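Q: My questions all concern the structure below.
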Amino acid sequence: MILISGEALVDLIPDPEFDGRYDAVLGGSPYNVAIGLARLGGRASFISRISADANGEALAAALVAAGVDLSLAARDLRPTTLAFVMRGTAQTGSRYSFYLDGTAYDGPWPFPKPWPAGVNHLHVGSFSAVERHGHAVADAMAAVRTQATVSFDPNIRPFVTPDRDAVRGLVERQVGLSDVVKASEEDLEWLYPGRPIEETLKVWSRLGPRFCVATFGVKGAVAYFDGERLAVEAPRVKVVDTVGAGDSFMSALLAAMDSDGALGAGATPSRDRLAAWLAFAAAAAALTCTRKGSDPPTRKDMAALGFA
């Protein structure tokens, strides 16, 4: 079982055909990762706080429909968290404004004690990993490492985490507790203004992860594995929007690693397989960009692209 920890919310996305109207789309970066992983055949369980209102019921129903286990999710009577999305481009990505206080998100994070016996991996990410729940998340990452591998995607949201110095310190602690780290170009530029992206990957790789990946949108991705550099190109597609592309990359990367037995305590990720994992993840992200909102691919979708 792969545990995915993070927020579930409703994205309010501008309707391109009607000025001033928004479409409500189920989302949240870790929520998208959980659905993406399940669609690709992974055994995913979601750790989160989910409202019991109508939006929360829709979020829970979509997770269950995808095959995600919800036994570790806490339900809350307060309303669902909202995010207003400002559309970006293939180069910049989208921008978000969040409404967190007084919602189901605002409460103790429901990490299990003890950890379920079948857990072989924990993925954490987005603002729920670096905002008010950040230190609880870091403690959970440290606790689970005796039985599972750990991955981390900071997915920085500056409107939620404006204190760069405090966030940077927490992120570096969490990088050191991870086996796999994925961050976007934007994440790394915000965390370390003026520092070359690949320099940060090299520094992070020395903190503990087996490999670190930076995604660059249409320019593909770069990874450092035990100090060695590996780059992968992004497939060329007609971009509808970029919502959820990074999440699809993350879920596909985990799915590919899981299929190769590269997750779990004692697992040893292979440098020789890294290029295949990254190519699979980049293709999943590109396919998501051809669709409105976060709509990660299934195994059937990936098979149509030539991935077994």
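Q: Compare the peptides 47-59, 147-159 by average per-residue count of other Cβ atoms within 10 angstrom and give them in order, highest first.
A: 147-159, 47-59
Q: Could I ask something else about it? Using only the Cα atoms of the chain, build the gyration tensor, take square roots of its eigenvalues as a ≥ b ≥ c, and label the shape rounded, prolate or oblate: rounded if a/c is under 1.5, else prolate if a/b is larger than b/c, else oblate.
A: rounded
Q: Putting +1 on Lys and Arg Cβ atoms and -1 on Asp and Glu Cβ atoms, find which of G264, F46, A285 reaches farthest to the positive end of the dipole of the chain.
A: Of the options given, the answer is G264.
Q: Okay, moving on. Taking the highest mean first, how do the peptides 239-247, 207-215, 65-73 order by number of other beta carbon atoms within 10 angstrom per residue?
A: Most protected by this proxy first, the peptides run 239-247, 207-215, 65-73.
Q: Now a separate question. Find the centroid of the Cα atoms in the stretch 9-55 and in the stretch 166-236, then give the distance between the two in whole Å.
A: 25 Å
Q: Report, for the stretch 33-183, the % of DSSP beta bridges that are antiparallel, rounded to 5.
A: 30 percent
Q: Give the peptides 275-281, 193-199, 180-186 in descending order of average Cβ contacts within 10 Å, highest first.
A: Taking the mean over residues of other Cβ atoms within 10 Å, the ranking is 180-186, 275-281, 193-199.
Q: So, with +1 on the Cβ of K and R and -1 on the Cβ of D and E, and no other charges, what is the size of the charge dipole of the stretch 1-124 about its Cα centre, to the nearest 20 debye?
A: Dipole of the stretch 1-124, to the nearest 20 debye: 460 debye.
Q: Given an 8 Å cut-off on Cα distances and at least 6 residues of separation, report the relative contact order of the chain as a percent.
A: Relative contact order comes out at 17 percent.
Q: Another question about this same structure. In the chain, with Lys and Arg counted as +1 and Asp and Glu as -1 at Cβ, which of these residues, A34, W190, P158, has the Cα nearest the positive end of the dipole, that is, farthest along it?
A: The residue sitting most towards the positive pole is A34.
Q: What does the charge dipole of the chain about its Cα centre add up to, to the nearest 20 debye, if the Cβ of each Lys and Arg holds +1 and the Cβ of each Asp and Glu holds -1?
A: Dipole size: approximately 520 debye.
Q: Could you work out the per residue convex hull volume over the alpha carbons of the stretch 143-188, in cubic angstrom?
A: 75 Å³
Q: Have a look at the DSSP beta bridges in the stretch 150-308 and tell me what percent are antiparallel, nearest 5.
A: Of those bridges, close to 60 percent are antiparallel.
Q: Looking at the square roots a ≥ b ≥ c of the eigenvalues of the Cα gyration tensor of the stretch 1-155, which shape do they give, rounded for a/c under 1.5, prolate if a/b is larger than b/c, or oblate?
A: Taking the square roots of the gyration eigenvalues as a ≥ b ≥ c, the stretch 1-155 is prolate.
Read the figures in this text as sums done on the coordinates, not as results from a lab. Remember, predicted model here, so these are calculated numbers, not experimental data. Here Cβ is always computed from backbone atoms with ideal geometry, including for glycine, and neighbour counts include all displayed protein chains.
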